[in-house]
Amino acid sequence: MKQFVVIGCGRFGSSVAKTLCKLGYDVLAIDKDPEQIQEIAEYVTHAVQADAIDENALRTIGIRNFDVAVVTIGSDIQASIMGTLLAKELGVKKVIAKAQNELHGKVLYKIGAHKVIFPERDMGIRVAHNLVSSNILDVIEFAPDYSIIEVVAQDDWTEKSLRELQLPNNYGVSVMAIKTGEDLNISPYAEDIIKKGDTLIVIGDNASLKKLEQD
């Protein structure tokens, strides 16, 4: 089972740490603020007060034994960069770091982060999509020009099969899954029928998805 170390226990870091622990993983939470450590301690496997830029402290804690380090330091960019660099140099197999902006993200990638996340930007994208289209429930950007969206089936799709709808031809998108209530149909067949209220998980380039949102 993977072991995670979360460095930085603000709102985002705490949420990540608590969720990983609820999912059954061992989680070590690190923050230099004793109050943050006190608050998170009961929700994670271990919680330690330490400075992310203190190499000796991180070495003593033994973060090299963890499979994944998630560096979620937000306000202090220098600490974010140093924490990411030290986690990498001390031997953590995979390092994921939170960035405030694109420039910060570029630096994190340059020093060895395997993945950089932009929580504020990504949430902004999702909110914007929801504002302009009432049938779009969620959006995930996984490449500069491609996204996955969760879209409520349009009324004129009801009781039609995927073959009849011809979404790849009409919109240039592909249906990855169909949600009917609590049931999830992964990799649906062309003959599967869309029911009223169904939610479709759709993948495509952003220009094609925009056409789908505006229809």
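Descriptive notes on the structure:
- Condition broken by K98, with the remaining ones in (1) among the basic types (K, R); (2) surrounded by 15 or more Cβ atoms within 10 Å (Cβ to Cβ); (3) out of contact with any strand residue (DSSP E or B) (no Cβ under 7 Å at 6 or more places or on another chain) satisfied: (3)
- Search result, residues across the stretch 194-215 that are surrounded by fewer than 16 Cβ atoms within 10 Å (Cβ to Cβ), at pLDDT 90 or above and either outside the structural domain of E150 (by TED's automatic domain parsing) or of a type outside the set (G, A, S) (or both): K195, K196
- For the stretch 159-177, the set of residues classified as assigned to a loop (DSSP other than H, G, I, E, B) and touching a helix residue (DSSP H, G or I) at 6+ places or on another chain (Cβ under 7 Å) consists of G172 only.
- Residue count, the stretch 59-103 (criterion: at positive phi and in contact (Cβ under 8 Å) with a residue 12 or more places away in the chain): 1
- Between I77, I73, the distinction of being within 17 Å of S15 (Cβ to Cβ), modelled with pLDDT under 95, in the same structural domain as V16 (by TED's automatic domain parsing) and among the β-branched types (V, I, T) belongs to I73 only.
- Tabulated pairs, the stretch 21-34, first closer than 21 Å to R64 by Cα, second aliphatic (A, V, I, L, M) and part of a strand (DSSP E or B), C-beta under 6 angstrom, 6+ apart or interchain: C21/V27; L28/V5; A29/V6; A29/A47; I30/I7; I30/V48
- For T19, the criteria (1) surrounded by 15 or more Cβ atoms within 10 Å (Cβ to Cβ); (2) in a helix (DSSP H, G or I) hold in every case but one, which is (1).
The values are calculated or read from the model by the stated rules, or taken from the named source; none is laboratory data. This structure is a prediction, so every number in the text was calculated from the model and none was measured. Glycine also receives a Cβ, built like all others from the backbone with ideal geometry; neighbour counts cover every protein chain displayed.
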